[in-house]
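Quick notes on the structure that follows.
The values are calculated or read from the model by the stated rules, or taken from the named source; none is laboratory data. The structure displayed is predicted, hence computed values, not measured ones. With ideal geometry, Cβ positions are generated from the backbone for all residues, glycine too; neighbour counts draw on all protein chains shown. Surface areas here come from the heavy atoms of the whole protein model, side chains and all, with no ligands, DNA or RNA. Shrake-Rupley method; radii C 1.70, N 1.55, O 1.52, S 1.80 Å.
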Amino acid sequence: VGTSGAVYISYYDDTGADLEYATNVSGAWGTSTVDSTGDAGFYSSIAVGTSGAVYISYYDGTNDYLKYATNVSGAWGTSTVDSTGNAGQYTSIAVGTSGAVYISYQNTTNRDLMYATNVSGSWGTTTLDSTGDTGRHTSIAVDTSGAVYISYYDNTNFNLMYATTALPTVTTGAAS
């Protein structure tokens, strides 16, 4: 939900195998196709910036990539964020007050929790947890100082986990 109260939804259209977008920002519901290249749109997550721009992270099932879409320029544009191995399942996206984008996701080749951000002006990715089969069902938040908080599932030990950059080094651990 944006600051105006409008609702924004990203979703996978199974019939067309596309990433779709719906909003009622104009007062009535409208939909549009964001990415129709191949089989795109799995595991989508959506965030709305303070300016009303929309940011979507999602999985490209044709290429096994983490992708990103935004309409910050006024029209939808897409880009690949991570193409290393099978990257991009279980995405979650957040936008900071500066407009920087933060994405958590799983690299299913290695079963690792991954983190991507464009805070430096270009995309960078980091492995946050590589212990066993981890990084599923991620959820990310960022505070006004740019500190990142991620919850995720450790499938090896069946634990809810938490990672943060709020400390001097990235910290991970089981939630109690």
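Some observations on this one:
- Amide H partners (placed H, <5 Å) of Ser44, local residues excluded: Tyr59
- Measuring nothing but how far apart in sequence close Cα pairs (under 8 Å, 6+ apart) lie, relative to its length, the stretch 1-126 scores a relative contact order of 16 percent.
- Overall form of the stretch 79-121 per C-alpha gyration tensor (a/c, 1.5; a/b vs b/c): prolate
- Phi angles across the stretch 53-66 convert, under the Karplus curve 6.51 cos²θ - 1.76 cosθ + 1.60 with θ = phi - 60°, into 3J(HN,Hα) values of 5, 10, 10, 10, 9, 6, 9, 8, x, 6, 9, 6, 10, 7 Hz, Gly and Pro given as x.
- Gyration tensor (alpha-carbon) shape descriptor, the stretch 76-176, a/c threshold 1.5: oblate
- Computed over protein heavy atoms with a 1.4 Å probe, the carbon and sulfur contribution to the accessible area of the chain reaches 48%.
- HN-Hα J in Hz across the stretch 72-88 - Karplus 6.51, -1.76, 1.60, θ = phi - 60°, x for Gly and Pro: 4, 8, x, 10, 5, x, 10, 8, 8, 9, 9, 10, 8, x, 9, 10, x
- For the chain, radius of gyration divided by Kirkwood radius, i.e. Rg to Rh on alpha-carbons: 0.97
- Here the stretch 34-117 is described by how far its Cα atoms reach on the three principal axes: 36, 26, 15 Å, from widest to narrowest.
- Relative protection proxy for 46-55, 157-166, 85-94, from highest mean packing down: 85-94, 46-55, 157-166 (other beta-carbon atoms within 10 angstrom).
- Accessible area per residue in Å² at 1.4 Å probe, computed on the chain: 47
- Scaling the Cα radius of gyration of the stretch 21-77 by the globular reference 2.2 N^0.38 Å produces a ratio of 1.16.
- From the alpha carbon centroid of the stretch 109-142 to that of the stretch 1-74 is 20 Å.
- Under the convention that each Lys and Arg Cβ holds +1 and each Asp and Glu Cβ holds -1, the size of the dipole of the chain around its Cα centre is about 400 debye.
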